Each structure stands twice: as C-alpha cells, then as structure tokens.
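Beneath this line is the structure, given in structure tokens, with notes to follow.
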C-alpha cells in the first residue's frame, strides 16, 4: 500500500513515527511519502518537507509567511497527485491539513485523520469540513467521542499515543546515575523546565521560568531543549544563570524529576503520565486585553490536557497575567513542600491514567487504517 502522511509539528512527528512503525508491522511492503521530521524518517520512505520549515505560530507569523504557506499547499497537492496514494493520513496541523483533505477527496483519495484538530476548543465550524472530506477520524482524547457525536459524526477512539511513547521509553530507559553523569548534572533533586517546542513560546516563557530557580537553592533546575531550536537561543536566554540544558532527553528528564514547569500542550499530559507534579504555563505577546478577548472565544474552560480530560483543575494553570515569578514560586513551593497538596495531584494522575487507557493507540489506529484499505480492495468494482 502507498501511504502519504502529513505532520507539521514536533508532536506530529513523534506520533507519525509510531504510526508508521505499526503500519510496517501490518504491511511490510508499505510505501511512505511524508511531511514530518527526523523520527518519521527513521521508518523509511521519502521525506517531502521537514517540520522545521512548517510550524508558523500566531497571526503575525502566519501573515509574514503566507506566501510560503500557500506555496506549500500548492506543492503538496501536486505531490500527492503524482504519488497517487491509497490513503492520505493527516496528523493534527488543522489549518494546512483540512485544505489538503478537501483536495484529496476531490481526487478520490481516501482521507484518514489521526489525532483530531482541536475544534472542540475553537473553530467548531471546522466540523463541517471534517464531515465532508474526512473518511475516518481516529481520536486520542476520551472526551472527543462525545463532542463529535453531538454533530452526528462517528469517530474511533484509539487511546493516547503519548502512552505508547512512554511505554517504549520505559523498556529501555537509562538509570538515573548514567543520565546525571552524561549530562554533568549535580546530585540535587531536579525541577524540569519544559518551555515548549516553538521559538516564540520559549522566548516568552523560559526567562520567567529560569528566574524561579533563585528561590529554590536546594534544587537543580534543568531545561529540556527542543531539537528544532538552535542551542544559541537557550544560551542567550540562560545568560548568567547556571542552569543546564539537555537535548532530545525530555522523557529521561521527566523520569528523574521531582516537579516541572510545563508549557501548555502535549507536554502537560506527558508530565502527568510520568507522575510528576507540574505547573502549567501559558503566555503570549498579544497583551492582557487581547488575551482575555481570545480566551472568551475558546469553548473550553481549561488549557492543559490534564484538566481538560479530568474536567477539573487537577494542576495549576498560570496564564498571561498570572504567569509571573511570584505565582510560580508560590505554587512550586506547595508542590515541593506540602505533602497533602502533592498527594492530591498524584491522586488526580491516577484518574487520568484510567481515563486515557492502556498503551496501543498507534497500533489500533494502524489496524483501523489497514483494515479499511483491505475492505476497499476486496470491494467489487462497479461497471
């Protein structure tokens, strides 16, 4: 079978790579052509565009790169038509992927979506495009089933691929002593700083996170460096602060941490599934007034996946006006020094694990995609 996959961000590259691995187990003759990153490239096939050149965050960034985005869309359509895949597999990245879904559908190509766009948070009108152009949707968040049901669209919940990635990591994780020695880390307990994978959010949030370290001298703060970001940026932000950065080792860092400050996104769920108490951080450069207006447009109460899945504030979210050193220090002090407070977070994580389910999301999605294609092949051709 011929598979054309499109992922536009680091998380999509991770989940896309796991899906490709699972597809290869079912179809050893699978031919892949993909937009993604280094993780997807490990499973062969032909890379078309790298995620480094695809992620444009925010209205201004999109506007400045509009020509590039439009050229990418045009090129993608031509490339898909030339490859003529048995199925187009879209991974999140809604703004781009829904345009491509419409094109593929017009050419009679099967369209499967793995990891739903977050239309339950905003832009719910996108449900109309999904119903019209997406043949099958595989979801990874438990509440998405009910959301889509309201609009008369049936989806298949396969569990969360973060579980798969963590399970695979734990099968070959390195001992803490080796992790610390390899990265020249001290013996102090660790507070992990996960400031996101996009340049803009790192610039906005990491300087504030770093300043918190001054108030906890008995702990070692360690930055998780995003692989797509140049090391010079981290060095510039760190400045005189003696804070180490580890690259491509986020799971090792979480495995050996006592607490974490985490940018809102997939990392909040990863941190929770590693059982690390966290503070969820979110900040934009749009200003408090515009943020409040934007926040009112959102259809959800929470920003973190942890709180969204549990539907209550299990972990503290510090956003915009509350994302300040004094509030981070106060909350981190609770996490590190108040046993009852810490226990409440860990108990909530147990609920979260039950809601998310067991590992196997990538395998279930791959089986769903492959089974559908097999059915199509067996279907008699209409004369």
Per-bin percent of Cα-Cα distances, the chain [20 Å]: 27, 58, 15, 0
Within the set 47, 217, 244, GNM on the chain using Cα springs under 10 Å gives the largest fluctuation to 217
Length added when fully stretched, residue 231-residue 177, from 0.36 nm per residue minus Cα-Cα: 17.0 nm
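Using the 10 angstrom Cβ neighbour count as an exposure proxy, how do 321, 116 rank, fewest first? Spell out each step's value before the answer.
Values: 321 11, 116 23.
Placing the least packed residue first, the sequence is 321, 116.
Where Rh denotes the Kirkwood radius from the mean inverse Cα pair distance, what is Rg over Rh for the range 191-230?
Working: Rg = 10.6 Å, Rh = 10.7 Å.
Value, to two decimals: 0.99.
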Stokes-Einstein, Kirkwood over Cα pairs, the range 128-193, 4 °C, 1.567 mPa s; D in µm²/s equals 83 µm²/s
Relative pair counts by distance (%), Cα atoms of the range 165-240, 10 Å bins: 16, 43, 35, 6
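Can you give the extra length, in nm with one decimal, that the chain gains between residue 355 and residue 2 once fully stretched, where that is 0.36 nm per residue apart less the Cα-Cα distance?
Working: separation 353, 0.36 × 353 = 127.08 nm, distance 3.40 nm.
The span from residue 355 to residue 2 would gain 123.7 nm if fully extended.
Sorted by packing (mean other beta-carbon atoms within 10 Å per residue), highest first, where do 226-235, 307-316 land?
Numbers: 226-235: 14.5, 307-316: 18.6.
Highest to lowest by the protection proxy: 307-316, 226-235.
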Limiting things to C-alpha atoms, what are the Rg and the maximum Cα-Cα separation (Dmax) for the range 98-247, in angstroms? 21.3, 61
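Using the per-residue mean of other Cβ atoms lying within 10 Å as a proxy for protection, in what order, highest first, do the peptides 184-192, 143-151, 107-115 fall? Provide the component values of the computation, followed by the final result.
Numbers: 184-192: 16.8, 143-151: 14.3, 107-115: 20.1.
Going by the mean number of other Cβ atoms within 10 Å, highest first, we get 107-115, 184-192, 143-151.
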For a quick size check, give me the Cα extents of the range 1-135 along its three principal axes, largest first, whole Å. 42, 30, 28
If you rank 122, 35 by fewest surrounding Cβ atoms within 10 Å, what's the result? 122, 35
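Kindly put 283, 167, 15 in sequence by how many other C-beta atoms sit within 10 Å of each C-beta, fewest to most.
Values: 283 19, 167 13, 15 29.
Ordered by Cβ neighbours within 10 Å, fewest first: 167, 283, 15.
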What would the Debye formula give as log10 I(q)/I(0) at q = 0.09, 0.12 Å⁻¹ for the alpha-carbon point model of the range 171-356, no solvent? -0.31, -0.55
Between the alpha-carbon centers of the range 144-203 and the range 66-103, tell me the distance in whole angstrom. 27 Å
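Every number here is computed from the coordinates shown, using simple stated rules; none is lab data. Here the structure is a predicted model, which is why all the values come from computation and not from measurement. For neighbour counting, all protein chains shown are included, and Cβ atoms are generated from backbone atoms with ideal geometry for every residue, glycine included.
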